[in-house]
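*Asks:* Pasting in a structure now, in structure tokens, and then I'll have a few things to ask.
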Amino acid sequence: MTIQEAVPNSRKLWPSWDTRQHFSCINSETTGISHLCDRLERTVSDSHGFPAVDRQRDILYQCQIFNLVWVGRYKLEPVVPEQIERILGYPENHTRLAGFSLMERLLSLKHCFQIDTLAYCLSSLKSLYPGGLTVLSIYSGIGGAEIALHRLGIRLKAVVSIEASEKNRRILKQWWSSSGQTGELVQMEDIHKLASNKVEVLIDKFGGFDFIICQNPCTYSSKGHLAADIDSQASLDFMLFHEFLRVLQWTELVVL
């Protein structure tokens, strides 16, 4: 999905020298963005919409890393969560919950599955499991795997979801209720507490797991300024990945 497909009203406002077609990242930083937009807007306005080439490059760079879109004559604003949800394939207002700030919504969307891409990868499961799936979802995030399977028309007989973020767990629980799921959702906070005996209890309860999926567990560093969100490096958390492997191995052993 292109930027102008996600933000259709921006098409007629888009400068000819802004050649962006897609967003390259999701920026969750909100501090200082309005000041940045004001500065860029003055630059464009003072040049009557055609800044010098070097100024154009600077404006495009800032627009790219902070996801700024044209919403009026020489006017910029950051893309909003609803538009990001549309691009990523999530239901409208998927991350809107009482008490959630703009930054929290953006953070929840920053490192999640793209629904259409994931659904394409999982599409073969529909014919393999016509009666539905029992899923072990590790590091579930905001429920990308569950939504992708639901969109494929696969009944979720039961989902055991492990997710450390309380906010993400609330988002998944809200979607589970609002989407009319008839299966059972079991939410767990700490994967370290999923000992072998707990794995056995869950397998006995649900008759095993048909499908196990893990979203990459990552850690993030922050530099504490406007560019921190862009410059911060996401890296694989090997401790959490090791926990995923532990649970996977125990699941296989219990089944055997």
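*Asks:* Karplus couplings for region 17-29 from phi (6.51 cos²θ - 1.76 cosθ + 1.60, θ = phi - 60°), rounded to Hz, Gly and Pro as x?
*Replies:* Result, ordered by residue: 8, 8, 9, 5, 10, 9, 7, 9, 6, 10, 9, 9, 7 Hz.
*Asks:* Taking 0.36 nm per intervening residue step and subtracting the Cα-Cα distance, what contour gain separates PHE238 from TYR129 on full extension?
*Replies:* In short, 36.0 nm is gained.
*Asks:* Add +1 for every Lys or Arg and -1 for every Asp or Glu among the other residues with Cβ under 11 Å from the Cβ of LYS205, and state the total.
*Replies:* For residues surrounding LYS205, the net value is -2.
*Asks:* In debye, nearest 20, what is the charge dipole magnitude of region 7-129 about its Cα centre with +1 on Lys and Arg Cβ and -1 on Asp and Glu Cβ, if you could check?
*Replies:* Taking the Cα centre of region 7-129 as origin, the dipole is about 220 debye.
*Asks:* So what's the gap between the Cα centers of region 178-205 and region 107-166, to the nearest angstrom?
*Replies:* With region 178-205 and region 107-166 each reduced to a Cα centre, they are spaced 15 Å.
*Asks:* Just from its helices, what would the mean residue ellipticity at 222 nm be for the chain, if runs of 4 or more DSSP H residues each count -39500 (n - 2.57) and the sum is divided by every residue, rounded to the nearest 500 deg cm²/dmol?
*Replies:* Calculated at 222 nm, the ellipticity per residue is -13000 deg cm²/dmol.
*Asks:* Moving on to the next point. Note down the net charge around GLU189, summing +1 for each Lys or Arg and -1 for each Asp or Glu among other residues with Cβ under 10 Å from its Cβ.
*Replies:* So the surrounding residues net to -1.
*Asks:* State, to one decimal in nm, how far the label point of LYS205 lies from the label point of LYS110, with both points 7 Å from Cα in the Cβ direction.
*Replies:* 3.3
*Asks:* Less than 11 Å Cβ to Cβ from GLU5, Lys/Arg counted +1 and Asp/Glu -1: what total charge do the surrounding residues give?
*Replies:* Residues near GLU5 contribute +2 overall.
*Asks:* For region 187-192, what does the Karplus curve 6.51 cos²θ - 1.76 cosθ + 1.60, with θ = phi - 60°, yield as ³J(HN,Hα) per residue in whole Hz, taken in order and with x for Gly and Pro?
*Replies:* Result, ordered by residue: 10, 10, 8, 10, 5, 5 Hz.
*Asks:* Compute the length gained on full extension between ARG246 and THR2: take 0.36 nm times their separation in residues and subtract their Cα-Cα distance, giving the result in nm to one decimal.
*Replies:* 83.8 nm
*Asks:* Assuming R0 = 51 Å, what is the FRET efficiency of TYR61 and VAL186, from their Cβ-Cβ distance, to the nearest 0.05?
*Replies:* After rounding, the FRET efficiency stands at 0.65.
*Asks:* Okay, next question. Hey, which of these cross-link pairs are over 32 Å Cα-Cα: LYS75/LYS173; LYS173/LYS198; LYS12/LYS173?
*Replies:* LYS75/LYS173; LYS12/LYS173
Every read-out reported here was derived from the displayed coordinates using simple, explicitly stated rules and does not represent laboratory data. Remember, predicted model here, so these are calculated numbers, not experimental data. Glycine also receives a Cβ, built like all others from the backbone with ideal geometry; neighbour counts cover every protein chain displayed.
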